[in-house]
Amino acid sequence: MPLRTIVRLGHPALRTPAVPVPPAQIGDPELQALIDDMIETMRESHGVGLAAPQVGEEAQIFVYQAAGPPEIPLHVVVNPMITPQARELAYDWEGCLSIPDLRGLVPRHPKVRVQGLDREGNALDYVVTGFEARIVQHEFDHLNGIVFLDRMRDLRSLAFFDEWEAYLVGGSQPDLDETAVG
């Protein structure tokens with residue numbers, strides 16, 4: 001299965017809102033191949049999430065999975081709607097496969113409801129918390145032309161990975177050390 005090229009910040013696909021996938025087209029071989037390619041690209045890139053715009057496709061699709069801890073099984077979400085389930089925001093470190101080697105503190109809702117369709121066109125409706133909620137919001141942002149840098153409230157936390165690891169985190173957050181949210 002071919003790996004897709006992950007576009008980087010500056011590519012117009014990252015700033016263009018994605019379009020909904022017509023439910024009748026979800027079973028099309030081309031769309032299923034895109035989903036398979038996204039999963040393989042995410043895994044080969046050591047990411048925990050990937051949105052279609054990151055591979056230059058304008059479809060409202062994202063995939064995510066994390067080996068853990070905490071382990072998060074593979075999810076494919078088509079035409080998602082995200083609803084915060086908590087008013088407060090939690091700050092944590094994020095990176096992005098489209099903005100390689102940078103990390104920053106990003107505020108996100110600690111709990112969100114995910115609605116959409118799976119890769120077979122079945123309805124999804126579930127609630128996620130913690131790291132999984134962060135991944136979902138990050139990928140959902142990509143579908144709306146938003147990158148994690150846009151969410152940062154203070155750019156003074158922005159750092160290159162090596163410096164982040166040595167001076168800011170010191171290896172205290174193994175969940176995020178070598179993974180980048182799509």
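Report summary: the helix-based calculation at 222 nm, which adds -39500 (n - 2.57) for every DSSP H run with n ≥ 4 and divides by the residues of the chain, gives -6000 deg cm²/dmol. Rounded to the nearest 20, the size of the Cβ-charge dipole of the stretch 1-48 about its Cα centre is 320 debye, with Lys and Arg at +1 and Asp and Glu at -1. For the pair the stretch 8-28 and the stretch 67-105, the centres of their Cα atoms are 18 angstrom apart.
Peptides 49-59, 25-35, 143-153 ranked from most to least packed by the mean count of surrounding Cβ atoms within 10 Å: 49-59, 143-153, 25-35.
In a GNM of the chain with a 10 Å cut-off on Cα contacts, which of 68, 47, 104 has the highest mean-square fluctuation? The residue with the greatest mean-square fluctuation here is 68. Listed values for the stretch 89-96 are Karplus-derived 3J(HN,Hα) couplings in whole Hz (6.51 cos²θ - 1.76 cosθ + 1.60, θ = phi - 60°), namely 10, 10, 8, 7, 7, 9, x, 8, and x replaces Gly and Pro. Selection among 85, 100, 3 by position relative to the dipole of the chain gives 85 as farthest towards the positive end (Cβ unit charges, Cα centre).
Only the coordinates and a few stated rules stand behind these numbers; no lab work does. On a predicted model such as this, the values are computed, not experimentally measured, just so you know. Neighbour counts are summed over all protein chains in view; Cβ atoms, including those assigned to glycine, are modelled from backbone coordinates with ideal geometry.
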